[in-house]
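The values are calculated or read from the model by the stated rules, or taken from the named source; none is laboratory data. Keep in mind that what you see is a predicted model, and the values were worked out from it rather than measured. In this analysis, Cβ positions are derived from the backbone assuming ideal geometry, glycine residues included, and neighbour counts consider all displayed protein chains. Heads up: the accessible areas ignore ligands, DNA and RNA and are worked out on the full protein's heavy atoms, side chains in. Shrake-Rupley method; radii C 1.70, N 1.55, O 1.52, S 1.80 Å.
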Amino acid sequence: MKQIYNFDGYDPPALNEVMLQTGLEQRKMMRQIISWVLLGSFHCLCLIVTAIFIYPVSAVWSFACVAYVCIAVCGGGLIATVYSEKGASLYA
């Protein structure tokens, strides 16, 4: 097997429990973020489908569903932008 790291040339990085726990927490947070994004996307998709099916019955409620989806997407984008800016400063 070909060795890809040369540990004779330098010392390997020191790992401790705090560094491993931090990495584990970051991966856990990333999974939670992805699941929340998928859940929000599915929610918006369901509302759009509901708006399409309800349009023949009530155009007002259909418009309300579409307006809610637009506001939710804009708000989610704003929150994601603020979180990415705050998150970048937390881990820097």
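Numbers for the structure displayed
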read-out	value
Where the range 32-74 is the region considered: accessible area per residue in Å², 1.4 Å probe	80
Solvent exposure, largest accessible area first (probe 1.4 Å, DNA, RNA and ligands not counted), of ILE52, ILE4	ILE4, ILE52
Longest segment of the chain lacking chymotrypsin sites (Phe, Trp or Tyr not before Pro) that sit in a DSSP loop with at most 14 other Cβ atoms within 10 Å	11-92
Spin-label pair LYS86/GLN3, simplified geometry with 7 Å Cα→Cβ offset, distance in nm	4.7
Volume per residue that the Cα convex hull of the chain spans, once the total is divided by residue count, Å³	150
The chain - percent of accessible surface contributed by carbon and sulfur, probe 1.4 Å	72
Angle in degrees between helix 59-91 and the longest Cα principal axis of the chain, rounded to the nearest 10	20
